[in-house]
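Everything below concerns the one structure shown next.
The values are calculated or read from the model by the stated rules, or taken from the named source; none is laboratory data. Computed from a prediction, not measured in an experiment: that's the story for all the values here. Counting neighbours? That spans all protein chains shown, and the Cβs are built from the backbone with ideal geometry, glycine included. Only protein heavy atoms, including side chains, enter the accessible area calculation; ligands, DNA and RNA are left aside. Shrake-Rupley method; radii C 1.70, N 1.55, O 1.52, S 1.80 Å.
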Amino acid sequence: MNDSIAKIWDLSLKDIKQSIPEHTYQAWFESLQPVSFDNGIFKINVPNTFHFEWLETNYKDMIVNVLKKQVKDDIQLQFLIKKVEEDDVNDQDGNDLNNNYNTSRTNNIFPHGNEYSDRNKCIQLNNRYTFDNFVEGPNNQFSKVASRAVAESPGNTAFNPLLIYGGTGLGKTHLLQAIGNMVINDNPNKVVIYVSSEKFMVDFISAIRNNKMNEFGDIYRKADLLLVDDIQFFESKESTQEQFFHTFNELYQNGKQIVITADRTPKELHAIEERLVSRFLSGLMVDIQPPDYESRIAILQKKANMDDLLIPEEILDFIAKNITSNVRELEGTMTRIFAYSSLTHTDITLSLAKKVIGDILSIKKNNVISFEAILKTVAEYYNLSENEIIGKSRVKEIAFARQIVMYLSRKLSGSSLKTIGMKLGGRDHTTVIHGHNAIDKKIKKEKKFKKDIDTIKNQVDFELY
Ligand code: ADP
Ligand code: MG
């Protein structure tokens, strides 16, 4: 490590220290060590998986921002999990256990070494996402079986493309990357590319801007297995869809495997071209549902084992009974309970768990009224379909209901203008502001209308329970 990295890191730490409580700083920042800073990627060593997850969920943006300030440029941040001493042999397994988020995988992804090194950023697989670590239950069994079949013989099953869909935090990315990890393990020579749809789009746009369309095409053309995450992001992005369509066809015709995920079925994706939807539908579509109680317990147990945590059964039971909809929240809750206990030096007890979960549930109640709940309620109230509201119609009643959704989402859901616009069929954030203001004005002018809005609000609240 050279001096300048140390200096950048020192100055960044000073910044961080000023903006968070001392004990938090000591708990999460003092043990970090900068490793390298190349090609815009700043790498930091963290002591263990637990520490990694905590930083990743709570402080990553903050660290990126202070680093950017020091470097005066865009940077990417990468955490490496420090190897424990006995692992210096670096056998097949050591890599998995102690260096979960290591970038070494990326060399495998493009077996030709540095040729594509500048692309490595977008194609990392997380070693933790394996089939073994994926707890199976009635909610996801079929998806897991299909994913495994694809991973065993990519391109040689009837499941091409394989589309995995389901709500957020239910394990789509996990399964997608598990396929990639297994293929790389079994056939190190296969070229596996994992990309989020957002990344695909950003790269595509920058390729156009920099006159590098050929290189962009070449990268994807080389894939034996292309994994594309969250394709709902392609909604309303016409030229990106067009480009993806070509990429898709080329790979498909050459017998390469494609797996995609989405948060809805292709039919429910708005503003995605028909021909692309029909491509998606030509393979196999599998869904993931929220886990049942037994699966939730099994997931918590697995997570506890992986992180070497001992958590009493009654507490697992309590978490599983209270956090029901989403695996990410389930894991997050456990991480929080553990963090709380280690920061306050108290044992993990049921009352501690109750306190932490109570906090989480009250945050949920106060903030996380979902866009979906609002959309549903407004549609019902005005006797319209959700699709009409999201769609392109300019019929007065529909446009009006749409503006109410904009207004309430802005007020109640805590989503950004951009997100609201995106969910409303890919509208611009200025349209959302305009809609919000129009309704705000009307509420102030008309008592009766204000009552309508209050009624809708109450119903949205009701939707939550
Ligand atoms: P999605 O992509 O559907 O939003 P993720 O794949 O990111 O969800 O999953 C969120 C978290 O929950 C990840 O840490 C993932 O490992 C974990 N997870 C989800 N489903 C399972 C499962 N069946 N078994 C174990 N962990 C799971
Ligand atoms: Mg995901």
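Structure notes:
- When the stretch 262-280 is limited to residues that are within 14 Å of residue 235 (Cβ to Cβ) and not in a loop (DSSP other than H, G, I, E, B), the one that is nearest to ligand 2 (Cβ to nearest atom) turns out to be 262.
- Enumeration of residues in the stretch 18-57 that are polar (S, T, N, Q) and within 20 Å of residue 304 (Cβ to Cβ): 48, 49, 57
- Of all residues making up the stretch 312-347, the number that are buried (at least 19 other Cβ atoms within 10 Å of the Cβ) and not in a helix (DSSP H, G or I): 1
- Residues located in the stretch 294-308, provided they are part of a loop (DSSP other than H, G, I, E, B) and touching a residue at least 60 places away in the same chain (Cβ under 8 Å): 307
- The listed residue being under 18 Å from residue 277 (Cβ atoms), within 24 Å of the chain's Cα centre (by Cα) and open to solvent by less than 30 Å² (accessible area, probe 1.4 Å), out of 233, 245: 245
- Considering the conditions (1) within 15 Å of ligand 2 (Cβ to nearest atom); (2) buried (at least 17 other Cβ atoms within 10 Å of the Cβ); (3) more than 20 Å from residue 253 (Cβ to Cβ), residue 198 is excluded by exactly one of them, (2).
- Residues being near ligand 1 (Cβ under 6 Å from one of its atoms) and over 14 Å from residue 286 (Cα atoms) - total across the stretch 172-182: 1
- Residue tally, condition open to solvent by 50 Å² or more (accessible area, probe 1.4 Å) and either part of a helix (DSSP H, G or I) or not β-branched (Val, Ile, Thr) (or both), over the stretch 394-418: 9
- Residue in the stretch 150-160 that is more than 14 Å from ligand 2 (Cβ to nearest atom) and either open to solvent by less than 10 Å² (accessible area, probe 1.4 Å) or farther than 16 Å from residue 257 by Cα (or both) present: yes
- For residue 169, the criteria (1) over 23 Å from residue 277 (Cα atoms); (2) away from ligand 1 (no atom under 16 Å from the Cβ); (3) open to solvent by less than 30 Å² (accessible area, probe 1.4 Å) hold in every case but one, which is (2).
- Applying the set (1) under 25 Å from the mean Cα position of the chain (by Cα); (2) open to solvent by less than 60 Å² (accessible area, probe 1.4 Å); (3) of a type in the set (Phe, Trp, Tyr) to residue 293 leaves exactly one unmet item: (2).
- Against the numbered list (1) free of Cβ contacts under 8 Å to residues at least 24 places away in the same chain; (2) touching a helix residue (DSSP H, G or I) at 6+ places or on another chain (Cβ under 7 Å), residue 159 comes up short only at (1).
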